[in-house]
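Following: one structure in structure tokens, then a few remarks.
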Amino acid sequence: MTKTIAARLKSTVALAAIAGQLSLLAGPASAFCGFYVAQADTKLFNKSSKVVLTRDGSKTSVTMASDYEGEPKEFALVVPVPTFIERKQIGVVDMKTIDHLDTFTAPRLVEYHDEDPCTPPIPMMSYASGAAQPASAVEDRAVRYKGVTVEANYDVAEYDVSILSAKESDGLVNWLEDNGYKIPSGAETVLGSYIKQNMRFFVAKVNLGRMQVLGNGYLRPLQVRYETAKFMLPLRLGTVNANGPQDLIIYALTKNGRVETTNYRTVKLPTGLDVPLYVKGEFGKFYKAMFDRAVENEGMRAVFVEYAWDMGWCDPCAAEPLANKELVELGARWIGDDDDRPYRSGRGANAYVTRLHVRYDAAHFPEDLAFLETRDRETFQGRYVLRHPWQGNASCSNANEYRKSLSVRFGQQARNLAILTGWPSQEIEARMKETGQSPQTR
Amino acid sequence: MAHDHTLRRRLPQLTAFLHRLSRADARYFQIAALASLLALSLGFIDFGAKPFSSALAIGASLVTQIVCTRLFALPQLDLRSPLITGLSLSLLLRGDDPWLHAIAGVIAIGSKFVLRIDGKHIWNPGGLAIVVLLLTSRGVWISPGQWGTSVWLVTFLAFAAILVLHAARRTDIALFFLGSHAALLFARAIWLGDPFAIPLHQLQSGSLLIFSFFMISDPKTAPDSRLGRFLFAFTVAATAHWLAFFMQMRPALYVTLIALSPIVLLIDKLLPAERFTWTPAPQGALQ
């Protein structure tokens, strides 16, 4: 009986354009505001997905991780891909590796401590750490699944993967629905558009039996590798019927330089600004407010750069450098080594990471994201600065001037915070006073 | 009513003003529009233009014009066209080394003097420099020019206004091209079943505007007859569309324009019309 019910339960689908999953399926996503002290973790953003996109010439690899929190049996993924995919081009990646890259590239809070104003300044810096069942068996399959070809079925770790090609969206929708992929209304036209562009469909569901045998207890990110002239990420399916905007973090690993979107504005987030000391206790909340405001300022029509840096070095490092094998696991197979050693340090390395953060919905992002790898190797990081005033005794003439300069500095920090986050100035000033920073108001 | 009256009184003045404007050299307005865009990019909304690279592109274009004017012993030095080329390069071209912008300026203006057939240069200087660098240097790329909707719209209106004020000139090719390009994008959306938001979004590229109003519409390299200009604009739009969407080539526009420019000679033979000169220009001036 239970079996029958289980079999009749149609698996719902986190219908993904790459990784944007339907929010209604995900469990109560938790926002860890204020939990991460010094890093703006992607977990801050509800309904967020992560994609590691690597590109070497036309060799492309896409690793998809979503914050899917529902039942594994209800998980499903539909991703348009530009070519046929062989078994050896599909794999699963350890979530820890993506988390490592996430931490390594996360926007960070750095701290400086003022020196004794009575001694010559020696700048010092420390890093604040932490850094189905067929619906109609009687209906003729040939008619119902008209134009659909299941080109291959693969067992990939805990997933059952199929590669489909289709000639008509009707047949494809029927096939997907009969196989337990719940397709939101409106997806049909988007699928039709991909079909006409000769895209195939990479569809995956969880195989509960194998998941049990593997004993993971959670779903690992899927990776698919292929060669294509199209350097893009399909977003459109994920926006159909989506319940509000979604966040996507793209970690682009390339050989030569920064990646930018060619069909949307790529904008660097404000960075390098001094903020009041109390932000240390709520960096997550600060970062989220700042990102919300940046999105608003650009009319939600931009893709934001959070980090762009040569993988060979970092300053300050938000985490240990990635090991060669981690980079290879994520798809950067060109780097040469795949051992446990940290990716070689030194500038001019052959791996460059661009971390892009986009908040999207169908109205503001009608078209899929298209990318371009530039030769720009300039470094950029989302970095916010805390400056601790000198706390010791100081009784020289400089000390008075220093003390006077502090309130001006605090005033600037308050203004920075207000501009970045849109928080009311009075509230900021009150909070600053609580922590011993009395800003000079204009 | 009083408002109406004032307007009626002012109308002849306005017409006279517009008439005077339309007789002025369009390039002054073009320079003003491009310079404003560059200032906007450098000072306010970052489109990616860098001050040093921009200075090199503009400087190299002007210096090359001066040197070539001397070398070719031309009676008069005209710096308006090279200034437009330098500004366009600043807005479009990106490179990992600022000196690539200087090279671009030299190639652009140099080509105008060297690559001539029958007294007419064949390739748009800026477009040629971009394609030569794209093919020979791995360190350059083209800014897609995502300026945001409002800047795009204001720029489009400004460029179009300059064009309309000088309707007698042969810059109608800009509109022929934009029309063909847009029609193809909309046709594609209809074929794919995509919402029109997609082609509308695809049109909002700053790079497309500079291409349309300053490269394909370069009156010195466009066909002489109106029908010829329409045929050429449509051919470029269709070929670039095919290259971009079916061959996945980016950026297809510049490559297409440069590859197809020689057929302008053929078009001019088949559909002859009066050769263009910037007016008023002294005889022998090379612009």
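What are the semi-axes of the equivalent ellipsoid for segment B:29-96, taken as the square roots of 5 times the Cα gyration tensor eigenvalues, largest first, in whole Å?
25, 13, 7
Taking one quarter of the surface of the C-alpha convex hull of chain B gives a mean projected area of 17.6 nm². Counting every C-alpha pair in segment A:58-105, the share spaced more than 14 angstrom apart comes to 66%.
Taking trypsin sites (Lys or Arg not before Pro) as exposed when DSSP calls them loop and at most 12 other C-beta atoms lie within 10 angstrom, chain B has its longest site-free stretch at B:1-137. For A:Asp99 and A:Glu227, what is the calculated FRET efficiency with R₀ set at 25 Å and r taken between the beta-carbons, to the nearest 0.05? The pair A:Asp99/A:Glu227 has a calculated efficiency of 0.35.
Quarter the surface of the alpha carbon convex hull of segment B:139-182 and you get the mean projected area, 4.3 square nanometres.
Computed over the Cα atoms, what is the radius of gyration of segment A:207-251 divided by 2.2 N^0.38 Å, N being its residue count?
Values: Rg = 15.5 Å, N = 45, 2.2 N^0.38 = 9.3 Å.
It is 1.66.
For chain B, modelled as a GNM whose springs connect Cα atoms under 10 angstrom apart, the maximal fluctuation among B:Pro219, B:Pro82, B:Pro51 occurs at B:Pro51.
Length available on full extension from A:Arg333 to A:Glu434: 0.36 nm per residue minus the Cα-Cα distance, which gives 31.2 nm.
The Cα atoms of segment B:104-143 define a convex hull whose projected area, averaged across directions, is 2.8 nm². Dividing the alpha-carbon radius of gyration of segment B:185-264 by the rule-of-thumb value 2.2 N^0.38 Å gives 1.15. The amide H of A:Ser49, built 1.01 Å from its N in the peptide plane, has A:Asp247, A:Leu248, A:Ile249 as neighbours under 5 Å, considering only residues 5 or more places off or on other chains.
Of A:Asp99, A:Asp94, how do they rank once you tally other Cβ atoms within 10 Å and put the fewest first?
The most exposed by this proxy come first: A:Asp94, A:Asp99.
Kindly give Rg over Rh for segment B:108-177, based on alpha-carbon atoms, with the Kirkwood expression for the hydrodynamic radius.
Result for segment B:108-177 is an Rg/Rh of 1.06.
P(r) for segment A:395-435, from all Cα pairs and a bin width of 10 Å, is 29, 41, 21, 8 %, short bins first. May I ask for the Kirkwood hydrodynamic radius of segment A:328-441, worked out over all distinct Cα pairs and given in angstroms to one decimal? Result for segment A:328-441, one decimal place: 19.7 Å. Spin-label model, A:Ser58 to B:Leu270: label points 7 Å out along the Cα-to-beta-carbon direction sit 3.3 nm apart.
Computed over the protein assembly as shown, the per-residue total of -39500 (n - 2.57) for DSSP H runs of n ≥ 4 gives a 222 nm mean residue ellipticity of -13000 deg cm²/dmol, rounded to 500. Note on segment A:221-348: the alpha carbon radius of gyration divided by the globular reference 2.2 N^0.38 Å gives 1.26.
Spacing of the modelled spin labels on B:Ala73 and A:Asp116, each 7 Å from Cα toward Cβ, amounts to 7.9 nm. Kirkwood analysis of the Cα pair distances in segment A:157-224 returns a hydrodynamic radius of 13.4 Å. This ranking places A:Ser162, B:Ser41 by how few other beta-carbon atoms lie within 10 Å of each, fewest first, which gives A:Ser162, B:Ser41. On the beta carbon distance between A:Val408 and A:Cys317, with R0 = 45 Å, the FRET formula returns roughly 0.90.
Of all alpha-carbon pairs in segment B:74-140, indicate the percentage at a distance above 20 angstrom. So the pairs more than 20 Å apart make up 26 percent of the total in segment B:74-140.
Fewest-first ordering of A:His113, B:His181, B:His101 by other beta carbons within 10 Å of each residue's beta carbon gives A:His113, B:His181, B:His101.
Ranked from largest, the principal axis spans of the Cα set of segment B:144-281 equal 46, 31, 21 Å.
Here the protein assembly as shown yields Rg over Rh of 1.02, to two decimals, using C-alpha coordinates and the Kirkwood radius.
Applying 1/(1 + (r/R0)^6) with R0 = 51 Å to the Cβ-Cβ distance of A:Ser425 and A:Ala349, what FRET efficiency is obtained, to the nearest 0.05?
Numbers: r = 44 Å, r/R0 = 0.86.
Efficiency, rounded to the nearest 0.05: 0.70.
For segment A:238-306, the alpha-carbon coordinates run over 38, 37, 20 Å along the three principal axes, in decreasing order.
Bear in mind that the values in this text are calculations on the coordinates, not laboratory data. Note that the coordinates shown come from a computational prediction; the quantities given were computed from them, not determined experimentally. Reconstructed Cβ throughout: ideal geometry from the backbone, glycine too, with neighbour counts over all protein chains shown.
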